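Every number here is computed from the coordinates shown, using simple stated rules; none is lab data. Predicted model, so just to flag it, every value in this text is computed and none were measured. Positions of Cβ are generated from backbone atoms using ideal geometry, with glycine treated the same way; all protein chains shown enter the neighbour counts.
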Amino acid sequence: MKVQEFTKGLVKKNPVLVLALGLCPTLAITTRVENALGMAFSFAFVLIFSNLLISAIKGFIPKDVRIPTFIVIIASFVTIIDLFIHGYSPSLYEQLGIFLPLITVNCIILGRAEAFASKRPLGETLLDTAGMSAGFALIIVLISGIREFFGTGGIVIFGHQFLPFILSSPATGMILPPGAFLVMGILLAMLKKMGVV
Amino acid sequence: MIPGFKPLVSTSPHIKDKVSVRGIMLAVVIALIPATASGVYLFGLHALLVVVASITSAVISEFLGYKAMGKKFTMDGSAVITGLLLALCLPPTVPIWMPVVGSSFAILIGKCAFGGLGQNIFNPALVGRAFLTLSWPALMTTWVSPFDGVSTATPLGEWHAGHGYTPVENLFFGNVAGCIGETSALAILIGGIFLIAMKYVDWRTPLSYIGTVGILMWLLGEPPLFHIFAGGLFLGAFFMATDYVTSPVTKTGRVVFGVGAGLLVVMIRMYGGFPEGVCYSILIMNGFTPLIDRFTRPKVYGVMKKREGGK
């Protein structure tokens, strides 16, 4: 068991920046930091628990039907988190909309299940999925922070004024879909230029 | 061997013209003077301030951008044109920080990020304008009438709202609301004809572009002259669709580019949500430019086309 299994997900094999997976939620729900936090939490829950279960029962899954089995397991955890958020935070549920159930087909989760969890022991799977979740959370919170700040002028997280409204004429386009592509592209280009990824 | 004679061996091209990038850019700036002057005359000194801010910011951005890329910065004047063109397609009422932001975006993202002069896929000035329209839609659609500065709608905006057609003579001389440099078709025409006469610009692009819009509008039962002179079609056709970097190099390709852009303008104006579509039509056709160039490649001299199925 190595620490690298955890840290590789943060930068070196960051699911969004390097593997370019899971771009739908990255682009779609990063309009506000609180949405990104909600998505990061739901995503981490589904990724860690579904992959742990897959890793635990990997000996019983026939090779031919492994993908449907993964999907069934992932979908079960998505249903749990979907009902949970619907029950405890209806406003967040409203904001995440279709992208909450769509975690089921998130390619990071299926990718980790196929490439990692179905071959490795429980401990390594835990580290790997935790690292991937942290890396995903890092990026979507960063992107949503930039978009919310430039798009609305300040940052409000669950009712708390995290950053005061200092921009007098915010660029509303930043919280529209093109803003997501712009921020993502500029961020990737800058990190590439600096040699981070 | 003659003593002291050093034969100069180099690859082609061997024939060199006096025309330089700098010379072409200077000619374009001269050609844009009538449009700029008419904009300042119609909309007052604030318009001049927008132009100056935009050009200054473009040149400084290019300097910083080239520095960041580790390339040598040459004052070739292309940044001046980007800044000037961007300012000319902004509403005269914009706050001064908007041309500054727009030019920096146009140069840094629209040009330097692609590798500098000659590498960009999309016309930088239009990239800047599209970014500003996306980010601050309200500020980018605040129009005033010339001279008195009373807020009003553009001729195309009036038409889109079903309020009839502005007289063509007003559109021709520019006595209408609109962007700083787009209102006077006459001023743009003077600059455009100068560029065509000096052979800096191919007449095919503007003619096919404007012609397509005119003919299609006529076929659709709209007054063709109104649609030709209203909005930014002239500015776009003469100065933006003819950009060396982002438009096709072949003669056929230029016609295809013009017809395609004209078709898009008609589609956006007639069936789209916006009253005007020149900016997006040129940007979309910019994306097709490599493909157009590929399919309109001229025949190589002396090479016969292979017969289909022949031996």
Note on the stretch A:77-121: residues surrounded by fewer than 14 Cβ atoms within 10 Å (Cβ to Cβ) and under 17 Å from residue A:22 (Cα atoms) are A:97, A:98, A:105, A:115
Flag for residue B:117 being within 13 Å of another protein chain (Cβ to nearest Cβ) and either more than 23 Å from residue B:186 (Cα to Cα) or in contact with a strand residue (DSSP E or B) (Cβ under 7 Å, 6 or more places away or on another chain) (or both): no
When you scan the stretch B:22-29, do you find a residue that is touching a residue at least 12 places away in the same chain (Cβ under 8 Å), surrounded by fewer than 19 Cβ atoms within 10 Å (Cβ to Cβ) and part of a loop (DSSP other than H, G, I, E, B), even just one? no
Inspect the stretch B:168-182 for any residue being buried (at least 19 other Cβ atoms within 10 Å of the Cβ), more than 14 Å from chain A (Cβ to nearest Cβ), touching a strand residue (DSSP E or B) at 6+ places or on another chain (Cβ under 7 Å) and hydrophobic (A, V, I, L, M, F, W, C) and give the result as yes or no. yes
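In the stretch A:158-181, what residues are within 8 Å of chain B (Cβ to nearest Cβ), part of a helix (DSSP H, G or I) and buried (at least 16 other Cβ atoms within 10 Å of the Cβ)?
Within the stretch A:158-181, A:172, A:173, A:174, A:179 qualify.
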Within the stretch B:246-259, is there a residue that is touching a helix residue (DSSP H, G or I) at 6+ places or on another chain (Cβ under 7 Å) and within 19 Å of residue B:178 (Cα to Cα)? no
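So that you can scan it fast, the table gives a plain yes or no per residue for (1) in a helix (DSSP H, G or I); (2) in contact with a Pro (Cβ under 9 Å, 6 or more places away or on another chain); (3) touching a residue at least 24 places away in the same chain (Cβ under 8 Å); (4) on the phi > 0 side of the Ramachandran plot:
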residue	(1), (2), (3), (4)
A:34	yes, no, yes, no
A:43	yes, yes, yes, no
A:49	yes, no, yes, no
A:68	yes, no, no, no
A:86	yes, no, no, no
A:95	yes, no, yes, no
When you go through A:61, A:74 one by one, which is the residue that is hydrophobic (A, V, I, L, M, F, W, C) and either buried (at least 19 other Cβ atoms within 10 Å of the Cβ) or outside any loop (DSSP other than H, G, I, E, B) (or both)? A:74
Could you list, in sequence order, all residues of the stretch B:186-236 that are free of Cβ contacts under 8 Å to residues at least 40 places away in the same chain and either buried (at least 24 other Cβ atoms within 10 Å of the Cβ) or assigned to a loop (DSSP other than H, G, I, E, B) (or both)? B:199, B:203, B:221
Within the stretch B:120-150, restricting to residues that are without any contact (Cβ under 8 Å) to a residue 12 or more places away in the chain and out of contact with any helix residue (DSSP H, G or I) (no Cβ under 9 Å at 6 or more places or on another chain), the one that is nearest to the other protein chains (Cβ to nearest Cβ) is B:150
Do you know which residues across the stretch A:148-180 are among the small types (Gly, Ala, Ser) and without any contact (Cβ under 8 Å) to a residue 24 or more places away in the chain? A:153, A:154, A:159, A:168, A:169, A:171, A:173
Give me a count of the residues in the stretch B:102-136 that are closer than 21 Å to residue B:236 by Cα and either among the acidic types (Asp, Glu) or part of a helix (DSSP H, G or I) (or both). 17
